[in-house]
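Structure first, commentary second.
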Amino acid sequence: MYIDPLVAQKEAEKRALDKTDQEIIEKAMHDGVETAWDRLAKQQPQCGFGQLGICCNRCTMGPCRIDPFGDGPKRGVCGATADLIVARNLLDDLAVGAAAHSDHGREVLEVLLDTAEGKSQGYQIIDEEKLGTIAAEYDIGTEGKSKEEIAREVALAMLEEFGTIKNRIQFADRAPEKTGEMWKGAGITPRSVDREIVESMHRIHMGVGADYANILLHGLRTSLSDGWGGSMMATDASDILFGTPTPNSSWVNLGVLSKDEVNVVLHGHNPVLSEMIVKAANDPELKKLAEEKGAKGINLVGMCCTGNELLMRHGIPIAGNMLDQELAIATGAVEVMVIDYQCIFPSITATASCYHTKVVATSEKSKVSGAIYKEFRPETALDSSKEIIRMAIENFPNRNPDRVKIPDKPIKMMAGFSEEAIRNALGGSYKPLIDAIVSGKIKGAVGVVGCNNPKIKHDYGHVMLGKELIKRNILVVETGCAAIASGKAGLLLPEAADMAGEGLKSVCKALGIPPVLHMGSCVDCSRILMLGANIAKELGVGIEDLPLGGAAPEWYSQKAVSIASYFVASGVYTVLGIPPKIFGSPNVVDLLTNKLDGVVHATFAVEPDPVKAADLLEAAIEKKRKALGI
Ligand code: SF4
Ligand code: MSK
């Protein structure tokens, strides 16, 4: 289909902030490839009832919807009000997000257990120090035991957290005492990962929870079982198996794809298979085969959070975030896209069918029609990884050079700022950072996290908010697609300190770090929790007392609902850039944006404009500073 180049260019500029993304959006339009932006346009106008959260399809007496303005129905067939319908829908979303993170955590733990028992292929126990720390938390003796024996006991203890009957998740004890007491007072101490999620499902069944506030309170408890449970275990088990990240440098944007090498994109969230693919790509025989097929080598690049995991630990370049998945394929240069799960467009195989790209699905939970299925199993992980790399190499001659366009300017970036790495860089204690906060050189810190959403210009929310915050001497820590957006915009470089206010700039220059720190994947929001917890403990206060904030400027996912909720439940004021589907209930809005302050000393806010969002975050930080007397 012919599209006027000027029209395509203008449309691409509207859709994305990054020039390399714009270039490929234009190419996709000229190639006639449908993307999320096109599909969003075709969905207009989107359902107003849905946007307000006041439709319910929970049982067969429905579907029901509430009329928020006129004389239409104010109750569903069962009698549910707008408050209840909104609260139940929100808890449903939150529980889905918590389940996704936590199930990912469980799978990493199963690989850890298999590795400890000698049943996996190619994996090792890498971070013995972290293993020892967790063993101590669980009171597991290490004297005279091999690392595998310790890892076995640790993996079993952590796996038990999913259904524990001891009524508390061990890692919640990592929170400062004061924060733990706050949870106890509110009745939201998480009891076990699966229990909170299952109970959410129970509570939203017709005829169970009918008090919107009670439902939302359980939402906070469920989110805590994710942040301080499932996600934290995903992070720690991955660190034990693959190493705790340390600062490194790498490259980002679609320009990391190679013109003359076999390109393999690793997309999704769980690093267990892609870690093996990294090993397989170094196999001399496969490298030789790639040369025989006319390629100069094998180029592995990441996408979304699997990409973040590989970037954090190995400095593997990252091609982009959520809205880049179709664009990577539209470069015409991807031989294989390997997917595990979460945030993968169901239409990804339709996109791939426009080019020579093969999509390889690897999880039994995440099969996709049209994809080649290579099931991941720990005991055959290395063999399967080699097969996938071989498939990519065999596909290289099918690439049509006439349909290839790769942007030529990848951007340099720094990543690898785990909580441990930040603490070590400061000399083993947070005292230098605390001093900088007390002196006012740094006003506070904000965790900017979450996804992309075609409803907002790609990366605009993340980048503008990040720039605005650092200008105001607020340190920014990031995960997920937010961190990748900042990488593309050059904010993850020490030189970006020049864009920061004088105080933050001087601290970054002294330490040689960027003013925006990449702390990992979505589950690694747990690293942000640990950063807050350890600073609070050094100061002898709760997380809720610290000058911290959270933001999700471009979120789309139910996982982001859970993350934002465990930030707030941990006492961190959090601003959402995309309005959640709650505005059909003024009571729910009031509870979440106002009354929660009396429960967890933090609330949600909704503000799509990044400058106004920065104003809100700065004001919240100033308020906490004042209460601390600094
Ligand atoms: Fe309608 Fe109530 Fe059934 Fe929801 S649970 S669909 S509001 S009858
Ligand atoms: S990948 S959950 S779009 S951050 Fe973690 Fe990005 Fe959001 Fe998926």
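The values are calculated or read from the model by the stated rules, or taken from the named source; none is laboratory data. Not measured: the values here are computed from a predicted model. Note: ideal-geometry Cβ built from the backbone for every residue, glycine included; neighbour counts use all protein chains shown. Only protein heavy atoms, including side chains, enter the accessible area calculation; ligands, DNA and RNA are left aside. Shrake-Rupley method; radii C 1.70, N 1.55, O 1.52, S 1.80 Å.
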Q) In the stretch 1-75, what trypsin sites (Lys or Arg not before Pro) fall in a loop by DSSP, with at most 16 other Cβ atoms inside 10 Å? A) 74, 75
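When the helices in the chain are scored as -39500 (n - 2.57) per DSSP H run of 4 or longer and the sum is shared across all residues, what 222 nm value do you end up with, to the nearest 500 deg cm²/dmol?
So the helix-based figure for the chain works out to -14500 deg cm²/dmol.
Once you have the Cα-Cα distance between residue 110 and residue 412, take 0.36 nm times their residue separation minus that, and quote the gain in nm to one decimal.
Taking residue 110 through residue 412 to full extension adds about 105.2 nm, to one decimal.
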Q: Note down the relative contact order for the stretch 254-403 as a percent, whole number, built from C-alpha pairs under 8 angstrom at least six residues apart.
A: 29
Q: With a cut-off of at most 14 other beta carbons within 10 Å, and DSSP calling the residue loop, which GluC sites (Glu not before Pro) in the stretch 303-372 qualify? Please list them.
A: 364
Q) How big is the equivalent ellipsoid of the stretch 82-242 along its three axes, where each semi-axis is √(5λ) from the Cα gyration tensor, reported in whole Å from largest to smallest? A) 33, 17, 11
**Q.** Count, lysine Cα pairs under 19 Å in the stretch 254-403, 8 or more residues apart or across chains
**A.** 22
Q. What are the lysines whose alpha-carbon lies under 23 Å from the alpha-carbon of residue 14, with same-chain residues fewer than 8 places away excluded?
A. 27, 42, 405, 409, 455, 457, 467, 488, 612
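Return the tail of the calculated pair distribution for the stretch 188-275, meaning the percent of Cα-Cα pairs more than 21 Å apart. Mind dumping the intermediate values first?
Details: 2141 of 3828 pairs.
Summing the P(r) tail past 21 Å for the stretch 188-275 gives 56 percent.
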Q: Normalise the Debye intensity by I(0) for the stretch 459-605, one equal point scatterer per Cα, no solvent, then take log10 at q = 0.11, 0.14, 0.20 Å⁻¹ and round to two decimals.
A: -0.43, -0.70, -1.30
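Which number gives the lysine pairs in the stretch 51-151 that have C-alpha atoms under 21 Å apart and are eight or more places apart or on different chains? Mind dumping the intermediate values first?
On the way: 119/145; 119/147; 130/145; 130/147.
Taking the stretch 51-151 as the scope, the lysine pair count is 4.
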Q.
I'd like the projected area of the chain, averaged over all directions, using the convex hull of its alpha carbons. Report it in nm² with one decimal.
A. 27.8
Q: Rounded to whole Hz and in sequence order, give me ³J(HN,Hα) for the stretch 193-210 from the Karplus expression 6.51 cos²θ - 1.76 cosθ + 1.60, θ = phi - 60°, writing x for Gly and Pro.
A: 5, 5, 4, 5, 5, 5, 5, 4, 4, 5, 4, 8, 5, 4, x, 10, x, 10
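Relative contact order for the stretch 246-315: what percent, with Cα pairs under 8 Å and sequence separation of 6 or more?
In percent, rounded to a whole number, it is 49.
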Q) With the dipole of the stretch 84-130 worked out from charges on the C-beta (+1 for Lys and Arg, -1 for Asp and Glu) around the Cα centre, which of 89, 113, 99 lies farthest toward the positive end? A) 89
Q: State, to one decimal in nm, how far the label point of residue 595 lies from the label point of residue 145, with both points 7 Å from Cα in the Cβ direction.
A: 4.7
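What FRET efficiency do you get for residue 60 and residue 34 if R0 is 30 Å and r is their Cβ-Cβ distance, rounded to the nearest 0.05? Before the final figure, lay out the partial values.
Values: r = 34 Å, r/R0 = 1.14.
So, using R0 = 30 Å, E works out to roughly 0.30.
Suppose R0 equals 45 Å; then what is the FRET efficiency for residue 502 and residue 372 from their Cβ-Cβ distance, rounded to the nearest 0.05? Display every interim value, and only then the final one.
Values: r = 54 Å, r/R0 = 1.21.
With R0 = 45 Å, the Cβ-Cβ based efficiency is 0.25.
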Q) For the stretch 22-35, what does the Karplus curve 6.51 cos²θ - 1.76 cosθ + 1.60, with θ = phi - 60°, yield as ³J(HN,Hα) per residue in whole Hz, taken in order and with x for Gly and Pro? A) 4, 4, 7, 4, 4, 4, 4, 5, 5, 7, x, 9, 6, 10
Q | Total charge dipole magnitude, the stretch 82-242, about the Cα centre, Cβ charges on Lys, Arg, Asp, Glu only, Debye to nearest 20 | A | 480
Q: Give the ranking of 279, 623 by solvent-accessible surface, highest area first, calculated with a 1.4 Å probe.
A: 623, 279
Q. For the chain, what relative contact order do you get, as a whole percent, if you take Cα pairs closer than 8 Å and at least 6 residues apart?
A. 17
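If you put +1 on each Lys and Arg Cβ and -1 on each Asp and Glu Cβ, how big is the dipole of the chain around its Cα centre, in Debye rounded to 20? Please report the intermediate quantities before stating the final value.
Numbers: 68 positive and 82 negative charges, 238 e Å.
Computed about the Cα centre, the dipole is about 1140 debye.
For the stretch 254-403, what percent of Cα pairs sit more than 28 Å apart? Walk me through the numbers on the way to the answer.
Working: 843 of 11175 pairs.
Pairs farther apart than 28 Å: 8 percent.
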Q) So which lysines can residue 624 reach, going by Cα to Cα under 18 Å and dropping same-chain residues fewer than 8 places off? A) 178, 441, 443, 537, 595
